[in-house]
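This report refers to the structure that appears directly beneath it.
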Amino acid sequence: MLKLALIQALAGSAFAAVLWDGRFNDLSSSSDLNNWSWSNQVGPYQYYIHGSGSVTQYVNLSPSYKNPADTASNQGVKISIDKTAYWNGQNMRRTELIPQTSAPINSGHVYYHFSVKRSATNAPRADLEHQVNFFESHFTELKYGLLSGASGSSDPTLKWCVSGQTKWSTNFDADVWHNVAYDIDFSTQQVSFWHSTGSNPLVLTAGPFSVGTSSNGADWHLGVLRLPMNSDLNSADVEDWYFSGVYVESGSLTTQIGYEWFFPRTEIVSTIADFANLMIHRSGSNPTTTTSRTTTTSRTTTTSSRTTSRTTTTSSRTTTTSSRTTTTTSRTTLTTTTRSTTSPTTTPPTTTTPNTPQQTQWGQCGGVGWTGPTTCVSPLICKQLNAYYYQCLSS
């Protein structure tokens, strides 16, 4: 009955797919961020925009830092800025993380999810502008505090802005979790804003608005940048910002907070019945179905050439341009399959070639276009984070 109900419920639905998962579930502590460098780009985040102190001065992880309604996250992150949080000689206090992924988070129709709150302790200053979870071209972002050039002495509201223009605002009260989804359609050049508080499902709050949605896939900053005033440069205040439930999805929008009624790109579902079996399996039931089917499949791997040029707008750092081409192939296969299964499974790529190099912890071990090592040193396992990135992690 459960399977039938699922099939009926899903018959007219589109599936959501997680393109990139930034929920900190695979990090044991914030010190793991130090494993990333320009020459060793591993883990879910790039970590280089911060002050001169240790990582724990600016980034810390804990289950107490997440939205309690977010059951899909094991922990949240506290991001801090203080009088040492000046990066690359700038006069803006900032601590930011950038997604480390080659997934297409800058194309099609996607949703950037996160929850954010502040505490009464080390509260952000309402007299200064803060740019929060922003793209470098600022086509969609949150802001807090008195905006640069605005009249008045303070502004305690959290705002959603499109190219610097406020489209929505609310009071940013202590210990209230604000759940957000940036709705970005890169194809039509439009953005919308979804919002809720606590455990409430997301609701479309503003938009759509037409705007130039410019992104190279490596320019979304999770964290905070505080614009300065002359009296602010050496002030001793510390600010703490809390984030959880960070991920990017495509397909249909997941509006429930901490809801896992979506599947990552690692779980390939060919039919609604397969998806129903997958959901039943996740819920603890164990139905088994046997089917026999013959299909003719024509599959083409498209030739692509991609050039990435990345410049952080607030720094002098520019990453090296690279170009990659994948050979076009076409294959037609007649497949007869008899299966007994509870859910589709995905196996990370392996190799039977002896004496091949093995990847170390946090290193990439597979994914679309990957040509490096595909096995990990013992006892690590090659875990698929998405279709584009496998990583060697502890079991």
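Observations on the model:
- Based on every Cα atom in the stretch 34-75, Rg and the maximum pairwise Cα distance Dmax equal 13.0, 37 Å.
- Sorting the segments 77-84, 97-104 by their mean number of nearby beta carbons within 10 angstrom, highest to lowest, gives 97-104, 77-84.
- Label point at ALA150 placed 7 Å out along Cα→Cβ; residues across the stretch 110-144 whose backbone nitrogen lies under 15 Å: 124-132, 141-144
- A straight chain from TRP168 to VAL55 at 0.36 nm per residue would run longer than the Cα-Cα distance by 37.4 nm.
- The stretch 45-183 shape via C-alpha gyration tensor axes, a/c threshold 1.5: rounded
- Debye intensity ratio I(q)/I(0), log10, the stretch 113-256, q values 0.09, 0.11, 0.14 Å⁻¹ (C-alpha model): -0.27, -0.41, -0.66
- Karplus-derived HN-Hα couplings along the stretch 203-213 (A = 6.51, B = -1.76, C = 1.60, θ = phi - 60°), whole Hz, x at Gly and Pro: 10, 5, 10, 7, x, x, 10, 7, 6, x, 8
- Protein-only accessible surface at a 1.4 angstrom probe places the residues LEU222, LEU233 in the order LEU233, LEU222, largest first.
The values are calculated or read from the model by the stated rules, or taken from the named source; none is laboratory data. Values in this document were obtained by computation on a predicted structure and should not be read as measured data. Reconstructed Cβ throughout: ideal geometry from the backbone, glycine too, with neighbour counts over all protein chains shown. For the accessible areas, the whole protein counts, side chains as well, though only heavy atoms, and no ligand, DNA or RNA atoms are used. Shrake-Rupley method; radii C 1.70, N 1.55, O 1.52, S 1.80 Å.
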